[in-house]
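Colleague: There's a structure below that I have some questions on.
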Amino acid sequence: MTQTVTPPVLVTRRLAEGVLDRLAPEAVTRHDSERPMARAELLAALPGRAAVITTLDDRVDAEFLAAAGPDLRIVANHAVGTHNIDLAACAERGVLVSNTPGVLTEATADLAWALLLAATRRLGEGERLLRSGQPWAWAPTFMLGMELTGTPLGILGMGRIGQAVARRAAGFSMPVAYHNRSRLPADREAGARPLPLDRLLAESRVLVVTCPLTDATRHLVDAERLAQLPAGAVVVSMTAGVVDERALAAALASGHLFGAAVDNFEHEPAVHPDLLAQERAVLVPHLGSATVRTRQAMGGLAVDNVLAVLAGGPPLTPVG
């Protein structure tokens with residue numbers, strides 16, 4: 001049922017079907033496109049808005065806040081990450097910020113495992129070979145991959161997604177270790193051992209990176225740290241900017257890594273050309289949360305946050 005929302009709301013991207021139905025249509029300005037708004041267009045649409053539902057491509061900074069003016073009460077980010085938002089600038093102006101945690105955990109963990117399987121079993125290479133029309137024949141030594149059962153798995157970043165990745169490892173009888181800012185309570189470790197980062201890298205035949213991008217984690221996994229992984233390891237990156245893409249490509253090119261997979265990229269939509277040149281790199285266009293159910297849940301939570309704040313309460317999932 002549509003609720004009456006008098007303060008005007010800007011939605012900067014086309015969202016999943018039905019998620020905006022609870023906002024009064026006359027109060028909502030939608031950018032009905034899968035492409036982000038051009039910066040000038042975004043700034044021009046901001047004045048007088050009480051709420052803005054943003055995505056990771058929308059830079060929320062002092063210029064954004066000044067353009068919006070004093071009526072802006074909440075920026076509801078349609079994402080878990082908030083590296084596109086200057087949280088200090090928002091706090092200074094009294095603008096609340098929310099995100100959409102929790103609802104995308106399982107879908108993203110599913111994709112991490114899909115990428116892990118694709119990289120270890122060389123599925124991208126195999127499909128490209130068939131589609132190319134090149135002759136091929138089964139042979140005992142043809143396109144051999146890495147077997148996952150019993151292989152040590154390391155998880156860098158043991159938040160909700162990291163924990164969900166760890167839970168799935170039980171099905172492959174994989175010993176799991178993790179590195180996190182702080183140790184988790186035992187009931188949330190999913191059987192994983194906490195390790196310092198250097199030991200995690202040295203012991204992980206497969207490394208899944210799920211920690212958020214911050215100033216402290218940008219390029220945390222650089223050439224030096226990739227070299228700490230065992231020869232023949234596989235890296236799965238689920239967070240743009242934490243793994244240095246140039247260094248990752250170089251580690252593949254040298255043969256130090258068996259394979260790698262990347263879901264989102266530091267300079268999206270651009271992909272580092274060195275990665276594109278690597279046959280053992282599985283590259284997908286930011287599909288971690290891309291299921292119908294999850295995107296509807298993310299959009300619904302963003303709307304819930306807007307409705308809560310415009311009704312005079314706090315956001316349901318505040319940031320900062």
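Colleague: What would the Debye formula give as log10 I(q)/I(0) at q = 0.06, 0.08, 0.11, 0.13 Å⁻¹ for the alpha-carbon point model of the chain, no solvent?
Modeller: Per q value, in the given order, log10 I(q)/I(0) is -0.24, -0.42, -0.74, -0.97.
Colleague: When the dipole is taken about the Cα centre of region 137-225, and only Lys, Arg (+1) and Asp, Glu (-1) are charged at their Cβ, what size is it in debye, to the nearest 20?
Modeller: On the way: 11 positive and 8 negative charges, 57 e Å.
Dipole magnitude for region 137-225 comes out near 280 debye.
Colleague: Further, regarding this structure: For a quick check of your reading of the filter: which GluC sites (Glu not before Pro) in region 92-149 sit in a DSSP loop and have no more than 13 other Cβ atoms within 10 Å?
Modeller: Glu147
Colleague: Roughly how big is the chain's charge dipole about its Cα centre, with Cβ charges of +1 (Lys, Arg) and -1 (Asp, Glu), in debye to the nearest 20?
Modeller: Here the chain has a charge dipole of around 620 debye.
Colleague: Still on this structure: Taking the Cα centre of the chain as the origin and placing charges on Cβ (Lys, Arg +1; Asp, Glu -1), which of Pro212, Ala79, Ile161 is farthest toward the positive end of the dipole?
Modeller: In the chain, that residue is Ile161.
Colleague: What's the angle, to the nearest 10 degrees (0 to 90), between helix 105-120's Cα axis and the longest principal axis of the chain?
Modeller: Approximately 30 degrees, to the nearest ten.
Colleague: Sticking with this structure for a sec: Compute the orientation-averaged projected area for region 1-77 from the convex hull of its Cα atoms and round it to one decimal in nm². Please report the intermediate quantities before stating the final value.
Modeller: Working: hull surface 19.3 nm².
Average of the hull's projected areas for region 1-77 equals 4.8 nm².
Here, each number is a calculation from the coordinates, and none is a lab measurement. Every value quoted in this text rests on a predicted model; they were computed, and no experiment measured them. Neighbour counts are summed over all protein chains in view; Cβ atoms, including those assigned to glycine, are modelled from backbone coordinates with ideal geometry.
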